[in-house]
Amino acid sequence: MNKKIFFLIGVFISQIVFSQQIEKENCQLKTFKAIAIPTVLVGYGLLSQNANGYPSSNVVNDWRDKNHSTFKTKIDDYTVFVPAAMVYGLDLMNVKSANDPLNQTILFAKTSFVTMAIVYGLKYTTNVTRPDGSDNQSFPSAHTAMAFAYATVLDKEFKNTWLSIAGYSLATATGAMRILNDKHWFSDVMVGAGIGILSTNLVYLTHQNKYKWDWRKNSVLLPNIGNDQYGLLWLKKF
């Protein structure tokens, strides 16, 4: 009888140890997936600074000056936010997402804070001059970082191939326009993209989905347009 008890205790302990090992391995795998692609992007960006790497930042800038020297647009100020707008637009269409709008908003806020903290911490410590010489806050690209951060939120919320392609295409276009506008070096954009993806991945890894809110119950979310004001109007019946 005692042998059976000891045997059962041994099995129970081994199950706990095995479960903890599996959980540890799963955590390590998730962490690896979260940092792998951003690490490649940041590393490639760092290696392409000045005249280094292929293509180097200098080569890309010379190509821009030779072929698109007159290019100017402000579209990149808006494409940054399109992936975020897509998330809420899909919510309005009742497309199934990983989180409800409240948690999405919290995730967007966390992602924005982490991304901007890293970006501006680097901007004010590296003091890299922009290609157009306008200031010394070129590295890394904040526009690109935020565009990729929001595109990653879109990807994680809906896990749809076409939506992911659309989000990351917009983010890539934002980075390209920053270069064509002569506001950033190629390395700025690559590192910015890596920071944006990494920030969102880390936020999702650590987010504790504590907040529950059935926003559709007795409520409606409508576009509010008029008097030079644009936004969303939430009507709730209490």
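Values quoted throughout were computed directly from the atomic coordinates according to the rules given, and no laboratory measurement underlies them. Just so you know, these numbers come straight off a predicted model, no measurement behind them. We place every Cβ from the backbone using ideal geometry, glycine too, and count neighbours over all the protein chains shown.
Note that segment 130-147 has calculated 3J(HN,Hα) couplings of 5, x, 7, x, 6, 6, 10, 10, 7, 9, x, 7, 5, 4, 5, 4, 5, 4 Hz, one per residue in order, obtained from phi through the Karplus relation 6.51 cos²θ - 1.76 cosθ + 1.60 (θ = phi - 60°); glycine and proline are x. For segment 67-162, applying the loop criterion from DSSP together with a ceiling of 10 other beta carbons within 10 Å to the trypsin sites (Lys or Arg not before Pro) yields Lys72, Lys74, Lys96.
In this simple spin-label model, placing a label point 7 Å from the Cα along the Cα-to-Cβ direction at both Ile75 and Thr206 gives a separation of 3.6 nm.
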